[in-house]
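Read the structure below first, then the notes.
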Amino acid sequence: MQKIPMTAEGHKALDEELKHLKTVERPAVIQAISEAREHGDLSENAEYHAAKDRQGWIEGRVADLEDKLARAQVIDVTKLSGDTVKFGATVTVIDEDTEEEHAYKIVGEDEADVKGGKISLSSPISRALINKEVGDVVEVNAPGGVKSYEILKVEWK
């Protein structure tokens, strides 16, 4: 069983989503199916079919979340330190072409939010940054071509 690295914050978000699905969404869809059944002929009942589709999605998502939470390897970023980029680090880089600074926190796949400055451990930029230190220059094969970044700062927040 392969462990899934995630921050405590990411683990909490997945756990909250799972609880919401089980306590709010699941009962609501069961109620919708029950009401749609009362309308009669199920073969031509669009409300019934939509509710059953929604139920299938909810049950699939619940199973997926339970699996991920069971395999979670929660990493407490506040207890990490050092100058080497690793999972959980917030890395400030400068784009060598545009001179723009960006800060990225390296997180698990389910936590990634590029607009929020969180990038997945498996993203091209994360893979290039891992095990590098302040002052190192990394090249990233991005969709728009090769980009070069210099690491300015490694923080543990």
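Worth pointing out:
- Nearest-0.05 FRET efficiency for VAL24 and ASP113, computed from C-beta distance (R0 22 Å): 0.45
- For region 70-77, 3J(HN,Hα) per residue [Karplus equation, 6.51 cos²θ - 1.76 cosθ + 1.60, θ = phi - 60°, Hz, x = Gly/Pro]: 5, 9, 5, 10, 6, 10, 7, 5
- Long-range HN-HN contacts of SER123 with modeled amide H, under 5 Å: none
- Between region 19-74 and region 122-157, the Cα center-to-center distance that results, in Å: 41
- Flagged links, alpha-carbon separation over 25 Å, of LYS105/LYS147; LYS3/LYS157; LYS22/LYS79; LYS79/LYS105; LYS118/LYS153; LYS3/LYS153: LYS22/LYS79; LYS3/LYS153
- Just checking the listed ones, PRO27, PRO143, PRO124: in the Gaussian network model of the chain with Cα springs under 10 Å, the one fluctuating most is PRO143.
- Whole-percent carbon and sulfur share, accessible surface of the chain, 1.4 Å: 49
- Interchain or long-range residues, amide H under 5 Å from ALA72's placed H: ILE4
- Efficiency of FRET from Cβ geometry, GLU38 and ASP15, R₀ 22 Å, rounded to 0.05: 0.05
- Förster radius 41 Å - calculated FRET efficiency between LYS3 and ALA50 (Cβ-Cβ, nearest 0.05): 0.65
- Shown for the chain is the translational diffusion coefficient from the Stokes-Einstein equation, using the Kirkwood radius over Cα pairs, a temperature of 4 °C and a viscosity of 1.567 mPa s: 71 µm²/s.
- Close amide H pairs (under 5 Å, H built 1.01 Å from N) link THR7 with ILE75, GLY108, residues at least 5 positions away or on another chain.
- In order through region 138-148: 3J(HN,Hα) via Karplus (6.51 cos²θ - 1.76 cosθ + 1.60), integer Hz, x for Gly, Pro: 10, 10, 10, 7, 8, x, x, x, 6, 10, 10
- Mean silhouette area of region 77-156, derived from the convex hull of its C-alpha atoms and averaged over all directions, reads 4.9 nm².
- For the chain, built as a Gaussian network whose Cα springs stay under 10 Å, the top-fluctuating residue of GLN31, GLN55, GLN73: GLN31
- Label-to-label distance, GLN73 versus GLU150, with points set 7 angstrom from Cα along the beta-carbon direction: 3.4 nm.
- In region 77-156, Cα pairs under 8 Å separated by at least six residues give a relative contact order of 37 percent.
- Each other residue within a Cβ distance under 13 Å of TRP156 adds +1 if Lys or Arg and -1 if Asp or Glu, for a net charge of +2.
The values are calculated or read from the model by the stated rules, or taken from the named source; none is laboratory data. This one's a predicted model, so the numbers in the text were calculated from it and none came from an experiment. All Cβ positions, even for glycine, are placed from backbone atoms using ideal geometry, and neighbour counts span all protein chains on display. All accessible areas refer to the heavy atoms of the entire protein, side chains included, with ligands and DNA or RNA removed. Shrake-Rupley method; radii C 1.70, N 1.55, O 1.52, S 1.80 Å.
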